[in-house]
Structures are given as C-alpha cells and as structure tokens.
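The values are calculated or read from the model by the stated rules, or taken from the named source; none is laboratory data. Note that this is a predicted model, so its numbers are computed, not measured. Methodologically, a virtual Cβ is constructed for each residue, glycine included, from the backbone with ideal geometry; neighbour enumeration extends over all protein chains shown. Heads up: the accessible areas ignore ligands, DNA and RNA and are worked out on the full protein's heavy atoms, side chains in. Shrake-Rupley method; radii C 1.70, N 1.55, O 1.52, S 1.80 Å.
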Amino acid sequence: MNIFKSYSLGPITLKNHIVMAPMTRNRAIDNIPNDIMATYYEQRSDAGLIITEGTSPSPNGLGYARIPGAYTKTQIEGWKKIATTVHAKQSKIFVQLMHCGRASAKPNLPEGAKTLAPSSVQLSGEIYTDSLGTHSYDIPEAMSIEQIQNAQDEYLQAAINLTSVGIDGIELHSANGYLLDQFLNPASNIREDEYGGNYKNRTRFLLELTKKTVDAIGSEKVGVRISPYGIFNDMEGNYDDLIEMYSYLVTELAKLEIAYVHIVDHRGMGAPDFPTDIVTTLKDLFKGTIITGGNVNTAKEAQEVLDKGSDLVYVGRPYISNPNLVEKLKNNIALTPPIMDTFYTPGKVGYTDYVGI
C-alpha cells in the first residue's frame, strides 16, 4: 500500500504517508513541554510526520489549562528534547502554533495576559479551568492594529526559536475556531477595517503571517491548517463567500510555496457534512501537498484518503491509545479504543501507559 511508502515533503523525507494529527492533551504543567510529553511523542514516532498539540506563541494565546507554549527559553528547550526523541526514531515533527484567541478565560491565563480576538464577540458556553472548574468564556478585547502586529511577531519569534533547536517545521493553526480562524470566519470577525468585511480582508492576518514566517524560516518549514465548513467554537459553518474565501486563500498560499495545507475533516466526530467536494477544489488550486483524514481506523481507510487525491493522511484519536499504530495497520491488528475520561487530565494515565496494549 502507498500509505506505508516514503514521501518527500519538500526537502524532508517521511518514512510513510501517515501523519499523527495535532491533539490537545493538557499535560504541560506550567505550560512547559516536559519529559512525559517527550515520552508520549517518542512512543508514537512510527508516524512519518507528527504534528504536535496546539502550542501557544504567546501568554495571551494559552486559553486552555496546561497547554504548552513556545515563548520562553525553557519551553523551547522542552521542544528541543522532544524533537531529539522523535528524530531518534526517524520521524519528523512540526509544532502546531495555536493562539486560542477568544476561546479562553482569565483563570487559564498568566498574570498580565489578555483574551484577544478580532472582535469583541464572546464564545458561548463554558471552559474548564484548574482553579475554578468550569467557567464562562471571557468577553474578548477586539484587537487593535498594534495588537495584530504584535501577535504576528509572537508567532514569528516562536517559529524562529522552534526551528532553531531542531523542530522540522511549524503549522499555523487556522482551523477549529482559534485566533487565525476567528479572523477568517464572519461569525467572529465583525471588523470594519482592513482585517474585516470582505474575504480578502478576513484572510489578511493569516496571509501576512504566513509570508513573514516563510521569509524567516523557509517555505518548506511552514504548513497551514484550515477547517472549511467547521462549526467548532461557534464558527459559522456555511456562509456566502466560503468557497471564494478558501479558494483565494489556498491560491495565495500556493504562491508562497508552503510545505502543505492541512484540511480538517471532523465529520466522523459528528460535524456537519461537507455540502461540496471542498478538498478536491482546494487540492486543484493549491497543487502542493494536501493532508486530510478523519475517522481513519484501518489501512484500507487510510489508503482510500490517498486514492481520493490527498497526499498524506492524518490519524487522530486512534493514535492516543495505539502508539504503534503503523504496525497495527500493517498487520491488520485491532485497535485499542482510547479512554475519553483521560484525554485532558494531567499525568501518565491515558497518556503514556498504552504501550503493549
């Protein structure tokens, strides 16, 4: 099967076509990548490419309890150790940079940090905090032009620092209702300046940031994740200019020759169906590496993703409880189901204790 053959992602060679999807796991005590995280990623290094959990480029972007950052020397040293363990198993690793934006609450932020977003539109519902249990989302502060530029600079510095210590590349998380996606989506972006309104303005933040990052670390080290038709975090799933916006976005990303576009497909987790064949539309426009997946549990299902035109296939939750996933797929071994109660709890249980199962 093609999924088990090597793949050239720009100048780096992946040992197979399987990507470990980014998944928030909340094990970074004090927001510092640690030894248990190094073990977790090392265990799952049979993937050709690992895309890490969402990692904040700024104290303002932390959002959730115990997610890692990439804005202090200690955090970068933690990621350096993780990269070393992954490379020892001949796998490659991109760190996903995720600023939570309005998906945040003050108890999860360090002193002096702010909940920022394109517009002052509050997310509905509640978020978990270690100190107070569930808590309503903050009413975000609408970002000034100066704050937008500062946030871009924070992403850029994180990318430079990460790749300087051996991380193979970074993924700009512009999906699932986090800051970059909040600029794209009219449900969360009601600005009337050059960063809001028509779709070209709504893509401005992401395209400016991508261009700066490409210029700083190289196009082959930059990926972008998007979630057309996604509704997570109160996103509007199907708006009038959605196809035009994403078509314009990937056309502009193609000009920058980035490493890949990563398209989220959460239909297997209950998300709405795609009303169009958006993956094919975007693949034809981008012409570079496309990563997609969703609800992949067998080698046959993984191969079908490639047969439909994608270049790499991501696997999410099965990787939580099957660190030797590739071996199991190759040999048609039944997968171990994950324990959902331990997805986001601190410690080893439900995290690094699936070995041998």
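Do you know which residues across segment 337-357 are more than 24 Å from the chain's Cα centre (by Cα) and of a type in the set (Val, Ile, Thr)?
Listed by number, the residues that qualify are 355, 357.
In this structure, does residue 208 turn out to be in contact with a helix residue (DSSP H, G or I) (Cβ under 7 Å, 6 or more places away or on another chain) and surrounded by fewer than 17 Cβ atoms within 10 Å (Cβ to Cβ)?
yes
Looking at segment 180-188, is at least one residue touching a Phe, Trp or Tyr at 6+ places or on another chain (Cβ under 6 Å) and either open to solvent by 30 Å² or more (accessible area, probe 1.4 Å) or in contact (Cβ under 8 Å) with a residue 40 or more places away in the chain (or both)?
Yes - at least one qualifying residue is present in segment 180-188.
Quick one: in segment 228-254, which of the residues that are polar (S, T, N, Q) and surrounded by fewer than 20 Cβ atoms within 10 Å (Cβ to Cβ) is farthest from residue 212 (Cα to Cα)?
Once the filter is applied, the top-ranked residue is 238.
State all residues of segment 305-354 that are assigned to a helix (DSSP H, G or I) and under 20 Å from residue 9 (Cα atoms); if no residue qualifies, say none.
Across segment 305-354, the qualifying residues are 305, 306, 307, 326.
Determine whether residue 64 is at pLDDT 95 or above, touching a helix residue (DSSP H, G or I) at 6+ places or on another chain (Cβ under 8 Å) and under 17 Å from residue 320 (Cα atoms).
Taking the combined requirement at face value, the residue does not satisfy it.
State all residues of segment 309-347 that are among the basic types (Lys, Arg) and either touching a Ser or Thr at 6+ places or on another chain (Cβ under 8 Å) or buried (at least 17 other Cβ atoms within 10 Å of the Cβ) (or both); if no residue qualifies, say none.
Matches in segment 309-347: 317, 328.
Does residue 357 satisfy the criteria of being open to solvent by less than 20 Å² (accessible area, probe 1.4 Å) and either touching a Ser or Thr at 6+ places or on another chain (Cβ under 9 Å) or without any contact (Cβ under 8 Å) to a residue 40 or more places away in the chain (or both)?
no
Would you confirm whether any residue within segment 123-135 is closer than 26 Å to residue 347 by Cβ, hydrophobic (A, V, I, L, M, F, W, C) and touching a residue at least 24 places away in the same chain (Cβ under 8 Å)?
Yes, that holds for at least one residue.
Identify all residues within segment 1-29 that are free of Cβ contacts under 8 Å to residues at least 40 places away in the same chain and outside any loop (DSSP other than H, G, I, E, B); write none if there are none.
Once the filter is applied, which keeps residues that are free of Cβ contacts under 8 Å to residues at least 40 places away in the same chain and outside any loop (DSSP other than H, G, I, E, B), segment 1-29 yields 8, 13.
Could you identify the single residue in 276, 280, 292 that is closer than 18 Å to residue 247 by Cβ, modelled with pLDDT under 95 and of a type in the set (S, T, N, Q)?
So the residue among 276, 280, 292 that is closer than 18 Å to residue 247 by Cβ, modelled with pLDDT under 95 and of a type in the set (S, T, N, Q) is 276.
Which ranges mark the strands (runs of 3 or more DSSP E) fully within segment 30-139 that have 1 or more residues being charged (D, E, K, R) and open to solvent by 20 Å² or more (accessible area, probe 1.4 Å)?
Fully inside segment 30-139 and qualifying: 92-97, 126-129.
Could we say that residue 263 is open to solvent by less than 10 Å² (accessible area, probe 1.4 Å), at pLDDT 95 or above and touching an Asp or Glu at 6+ places or on another chain (Cβ under 7 Å) here?
Here the answer is no, as residue 263 does not meet what is asked.
Which numbered condition in (1) in contact with a Lys or Arg (Cβ under 6 Å, 6 or more places away or on another chain); (2) of a type in the set (Ser, Thr, Tyr); (3) without any contact (Cβ under 8 Å) to a residue 24 or more places away in the chain is the only one that residue 163 fails?
Of the numbered conditions (1) in contact with a Lys or Arg (Cβ under 6 Å, 6 or more places away or on another chain); (2) of a type in the set (Ser, Thr, Tyr); (3) without any contact (Cβ under 8 Å) to a residue 24 or more places away in the chain, the odd one out for residue 163 is (3).
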